[in-house]
Structures are given as C-alpha cells and as structure tokens.
1. Considering only residues that are touching a residue at least 24 places away in the same chain (Cβ under 8 Å) and closer than 15 Å to ARG94 by Cα, look in the stretch 111-125 and name the one that is surrounded by the most Cβ atoms within 10 Å (Cβ to Cβ).
2. Where residues in the stretch 53-94 are in contact with a Leu (Cβ under 9 Å, 6 or more places away or on another chain) and of a type in the set (S, T, N, Q), which of them is farthest from GLY109 (Cα to Cα)?
3. What are the residues in the stretch 46-63 that are buried (at least 23 other Cβ atoms within 10 Å of the Cβ) and either modelled with pLDDT of 95 or more or small (Gly, Ala, Ser) (or both), if any?
4. Tell me, please, whether a residue that is at pLDDT below 95, in a helix (DSSP H, G or I) and more than 18 Å from the chain's Cα centre (by Cα) can be found in the stretch 17-36.
5. Take GLU130 and decide whether it is closer than 30 Å to GLY204 by Cα and touching a residue at least 12 places away in the same chain (Cβ under 8 Å).
6. Filter the stretch 87-110 down to the residues that are touching a residue at least 12 places away in the same chain (Cβ under 8 Å) and small (Gly, Ala, Ser), then identify the one that is farthest from LYS125 (Cα to Cα).
7. Could you list, in sequence order, all residues of the stretch 211-250 that are at pLDDT 90 or above and among the β-branched types (Val, Ile, Thr)?
8. Looking for something of a type outside the set (Val, Ile, Thr), at pLDDT 85 or above and surrounded by fewer than 16 Cβ atoms within 10 Å (Cβ to Cβ) - is there at least one such residue anywhere in the stretch 172-193?
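The values are calculated or read from the model by the stated rules, or taken from the named source; none is laboratory data. Keep in mind it's a predicted model, so treat the numbers as computed, not measured. Counting neighbours? That spans all protein chains shown, and the Cβs are built from the backbone with ideal geometry, glycine included.
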Amino acid sequence: MSTAQNHAPYPWPSLARLRAEFAGLRVVGDVHGDAHGFAAAIEGARQKRLYVIQLGDLTDRGPDSAGTLRMALDLRAQRHGLFLLGNHDHKLRRALTGALVRPDPDGLGVTLKQIDAAPDSALLKQGAVEAISEAPAWLRLGSWLFVHGGFHPRMLREAPPLNAGSSKPDGLVPRALFGQVTSRTRIDGYPERLHNWVHRIPSGITVYCGHETRSADGRPYVAVAAAGGRAVFLDTGAGKGGHLSWIDLPW
C-alpha cells in the first residue's frame with residue numbers, strides 16, 4: 001500500500017493540471033464502506049483516464065470501511081484522485097486521535113472495529129488522520145463546485161481553509177459538512193435539513209454534493225436553482241441499503 005509516505009501538504013489540483021493529465025473527472029458519491037462499489041468506480045475511472053473526486057463520507061455503515069480507506073489513500077498517493085471532507089470523515093479523524101466522540105454502534109463503531117481488524121491497521125490510521133486533515137472542505141474547478149453537504153456563494157470566491165479536517169468546523173465549513181439544518185430532529189433521528197442554499201447557485205454553476213439521499217429512483221437527484229444553477233445530489237444510499245453512484249465529466 002502506498003499510504004502517505006511524506007508529510008508535504010497534499011496539492012489540491014488545478015483545472016489546468018487535470019486537463020493536461022486526465023480526460024475528465026469521475027465524481028463519486030458517499031461510499032459509506034461500500035468497498036466493492038468504490039473499487040468498480042476507481043477501476044472504471046482508470047480505464048477512461050478520469051481523475052476521481054469523491055464527495056466525502058468514505059466510511060461507516062457498509063461492510064468494508066477499512067478497504068474503502070485503503071483505496072482512497074492509494075488514489076491520493078498516486079495523485080489520481082482525492083476525497084472531500086465529509087462529516088463522517090471529520091468524526092473518524094477525531095476518534096482516531098483520541099477525542100471523545102460517541103460512536104454510533106452501526107456507524108463509527110463498526111468502522112473502528114473494521115480498521116482495528118485490518119492487517120495494516122496502524123498504517124490505515126496514520127494515513128487516514130493525515131489525509132482527512134488535509135481534505136478540502138470544497139473544491140471549485142471552473143464552472144463546477146464540489147462539496148459534501150451544502151453550498152454557499154462565498155465558496156465560489158474563497159478557497160477552503162487549510163487543514164479543515166483537523167479543526168473545529170467554523171466559517172463556511174459547517175455548511176460544507178452538514179448542509180443547512182434547523183435545530184429540529186426528524187422522526188428518523190436525522191437533523192431537519194433545508195435546501196434554500198440550492199436557489200443561490202448562480203447560472204452557469206453546477207454544484208455536486210452528497211450527504212443525504214434525495215433520490216427516489218436510485219439515480220442522482222438534480223435540483224434546478226431559482227438563480228439558474230444546478231445542484232446534483234450523488235448520495236444514493238451506498239452502505240445503507242442503496243448503491244454507489246458516480247457521474248463522469250469529460251472536458
């Protein structure tokens with residue numbers, strides 16, 4: 001495994017560099033431990049010379065979070081892809097660094113057991129702590145904006161903060177990780193979420209995000225903004241009874 005062998009900051013890619021080295025992008029939704037689906041997404045991207053942008057929430061719920069982490073770290077080390085910072089990734093790093101977190105027995109609790117049981121457990125933990133620390137909270141490439149939870153117009157003008165994964169979320173990072181929420185909880189136990197931010201996406205901009213399963217037919221859900229832009233929600237329930245989805249974006 002080629003997990004993080006130096007401590008230089010990971011270079012977030014520029015559109016110019018990606019255009020020179022790849023035929024396009026493959027945008028992958030929340031994986032949540034679905035290593036089988038993630039392997040298929042990565043192999044297909046390799047065959048088509050596509051750079052992989054995974055939208056965060058690599059682990060929890062699914063059968064093989066250790067394998068998912070291993071593939072994400074290899075992609076990163078090979079400079080063939082990256083993952084964005086998701087709320088589950090942020091929580092995993094806190095747990096791996098000894099912070100007091102409450103592990104969901106069906107989520108983070110399962111992930112920690114899977115990592116502990118892996119033969120390369122120590123390397124996985126070290127690599128995950130470093131990579132999550134450096135994962136971008138959002139990434140803009142031309143008319144595309146990639147973020148885990150939710151958009152804010154300032155993301156089009158401002159670079160994400162360095163090392164957001166190792167800090168308490170502030171500024172725009174809570175929007176990036178959690179979307180737009182109220183103080184209320186739904187019947188299913190999840191926070192009540194608003195989608196007003198969708199209508200602030202300007203014309204010509206497409207936001208690719210994950211975080212919640214909005215699809216009713218197993219395909220990524222597309223919302224058209226009042227301002228003319230679009231939001232594409234790629235979480236289709238991988239690791240949670242659904243499947244993993246991805247979209248290819250050629251140049």
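1. The selected residue is THR111.
2. The qualifying residue farthest from GLY109 (Cα to Cα) is GLN54.
3. LEU50, TYR51, VAL52, ILE53, GLN54, LEU55, GLY56, ASP57, LEU58, THR59, GLY62
4. Yes, the stretch 17-36 contains at least one residue that is at pLDDT below 95, in a helix (DSSP H, G or I) and more than 18 Å from the chain's Cα centre (by Cα).
5. Here the answer is no, as GLU130 does not meet what is asked.
6. Among those that are touching a residue at least 12 places away in the same chain (Cβ under 8 Å) and small (Gly, Ala, Ser), it is GLY107.
7. Answer for the stretch 211-250, where residues must be at pLDDT 90 or above and among the β-branched types (Val, Ile, Thr): VAL222, VAL224, VAL232, THR236, ILE247.
8. no
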